[in-house]
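Below is one structure, written out as structure tokens, with a few remarks after it.
Nothing in this text is a laboratory measurement; each read-out follows from the coordinates by a stated rule. Quantities reported herein were computed from a predicted structural model and do not represent experimental measurements. We place every Cβ from the backbone using ideal geometry, glycine too, and count neighbours over all the protein chains shown.
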Amino acid sequence: MIRHAEVVIIGGGVIGVSIAFHLAGAGVRDVLLVERRFLASGGTGRSVGIVRQLYPTPETSQMVVRSLAVFQRFHDAVGGGESGYVGCGVVIGVSTAMRPKLEETVRLQRSLGVRAEVLEPGEVVKIERRINPENLGAVLYEPESGYGDPTAVTTGYADAARRRGVRIEQGVEVVAIRTAGDRVTGVETAAGERIDAPVVVNAAGLWSTAVARLAGVALPIIVGRHPVFVVERDASFGRPHLVYLDLAGGSYARPETGGLTLTGSLTDDETRHPMEPDLLGGDVSLDEAADVLARTSRAIPRLADARYRRGWAGAFDITPDWMPILDESPLRGFWIATGMSGHGFKLSPAVGEMMAALITGAAPQVNPAPFALGRFSAKSSSGTFVASYLGS
Ligand SMILES: Cc1cc2nc3c(=O)[nH]c(=O)nc-3n(C[C@H](O)[C@H](O)[C@H](O)COP(=O)(O)OP(=O)(O)OC[C@H]3O[C@@H](n4cnc5c(N)ncnc54)[C@H](O)[C@@H]3O)c2cc1C
């Protein structure tokens with residue numbers, strides 16, 4: 001059977017559904033999103049969902065400001081659904097060496113609408129007395145930042161996209177991409193179906209290099225392992241802590257309902273731990289949990305009494321500069337929205353908005369040049385995840 005669509009989006013994570021929603025909003029009538037398993041079954045469903053605003057460039061700063069505004073009033077902005085956004089505040093601790101860069105970055109960001117202030121380490125007690133200020137050179141406080149629910153955002157965008165006429169099909173895997181000359185012409189599914197389309201969007205997250213290869217396009221992306229650990233705070237801990245990202249000590253802690261805290265590493269270079277995407281959600285070892293929990297306990301000493309509950313193997317689709325690729329590929333009509341490098345949730349509303357503008361030929365709200373696929377020609381991988389906060 002041969003079917004037709006104006007745009008086929010491959011991947012039902014938070015990025016794919018945001019693009020679908022925004023394309024339909026931009027007037028594209030016949031959008032089909034295909035997801036090989038179920039919505040949010042990829043990296044999105046394993047995400048920690050932190051929304052911090054510290055970003056090193058004007059473009060990423062503008063994108064996170066635009067996205068935060070959507071998370072804060074998701075129901076109204078999207079016309080239904082909930083983002084589960086909790087604006088508890090985010091504190092970011094940096095070393096003395098990082099402080100000048102932090103101050104310079106925050107000066108720029110404030111001119112772009114980010115609410116944030118740099119404090120002396122000792123002043124952190126005014127905001128969260130359980131954070132250990134030792135070994136910090138400065139502290140950044142973002143009062144409006146926090147965390148959201150990536151699965152809820154995915155469902156919310158998907159439902160809203162359907163109301164705008166988008167078809168979303170789960171359990172449909174793309175196994176071939178059809179081309180004619182230098183143009184994409186559609187896809188083929190594992191069920192043997194052919195779907196003709198002049199525009200195909202690769203939003204396949206951790207699987208996006210494999211999907212791009214189907215079209216003969218190479219993407220400079222490494223899938224790197226990023227384990228997450230869950231601890232139960234001691235009853236004496238009191239009210240939940242806010243989100244703490246300790247760039248100096250190399251760990252993060254984000255509260256979860258039920259007296260739980262999600263934590264993970266901020267110093268490991270995930271690119272040195274390549275992972276098969278299909279191992280997503282797999283086991284973690286007690287040794288690696290112990291290593292990260294030791295760092296978290298130095299950052300928030302009262303967490304030393306927390307009980308380890310569980311963990312899972314997450315993974316990031318990492319580009320050489322730890323920033324997304326949002327661009328048309330050399331195969332005309334074949335668009336790339338991937339390489340989110342571990343921070344695609346917090347940017348997802350703005351990514352959908354930008355991709356819809358690029359695909360329909362409208363003027364993007366944010367300059368897309370830093371996200372071009374061609375920017376990597378002369379670059380090799382640089383830095384760790386911290387590069388996405390303060391640059392490398
Ligand atoms: C452990 C972890 C912690 C994170 N923490 C944060 C955080 O605190 N803050 C933040 O902003 N971001 C965070 N992220 C990153 C963020 O969650 C991701 O960047 C984002 O969810 C990626 O969404 P996506 O839609 O690009 O990819 P995915 O969610 O991976 O979706 C891609 C989809 O494509 C489908 N697919 C693949 N191949 C095919 C095919 N051939 N045919 C059809 N469908 C296909 C997959 O099944 C999958 O559902 C974290 C990620 C992880 C894993």
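List of remarks:
- Distance between segment 326-350 and segment 70-141 - C-alpha centres, whole angstrom: 26
- Packing, taken as the mean count of other beta carbons within 10 Å per residue, orders the peptides 148-154, 87-93, 238-244 from highest to lowest as 148-154, 87-93, 238-244.
- Between segment 239-265 and segment 277-299, the alpha-carbon centres lie 13 Å apart.
- Estimated FRET transfer efficiency when R0 is 35 angstrom, pair residue 377-residue 175 (beta carbons, to 0.05): 0.75
- Protection proxy ranking of 213-223, 312-322, by the mean of other Cβ atoms within 10 Å over each peptide's residues and highest first, is 312-322, 213-223.
- Note on residue 111 and residue 234: their simple-model spin labels are 4.8 nm apart, each label 7 Å out from Cα toward Cβ.
- Peptide ranges 292-299, 19-26 listed from the most packed, as the mean C-beta count within 10 angstrom indicates: 19-26, 292-299
- The simple Förster model, with R0 at 41 Å and r as the Cβ-Cβ distance, assigns residue 73 and residue 286 a FRET efficiency of 0.45.
- Contact order for the chain, expressed relative to its length and based on alpha carbon pairs under 8 Å spaced 6+ residues apart, stands at 23 percent.
- Chain lengthening between residue 134 and residue 257 when straightened (0.36 nm per residue, less Cα-Cα): 41.4 nm
- Under a Gaussian network description of the chain, with springs only between Cα atoms under 10 Å, the residue in 101, 346, 126 that fluctuates furthest is 126.
- Put a dot 7 Å past the Cα of residue 307, heading toward its Cβ, do the same for residue 191, and the two dots end up 4.6 nm apart.
- Per residue, the chain reaches -7500 deg cm²/dmol at 222 nm when only DSSP H runs of four or more residues are counted, each adding -39500 (n - 2.57).
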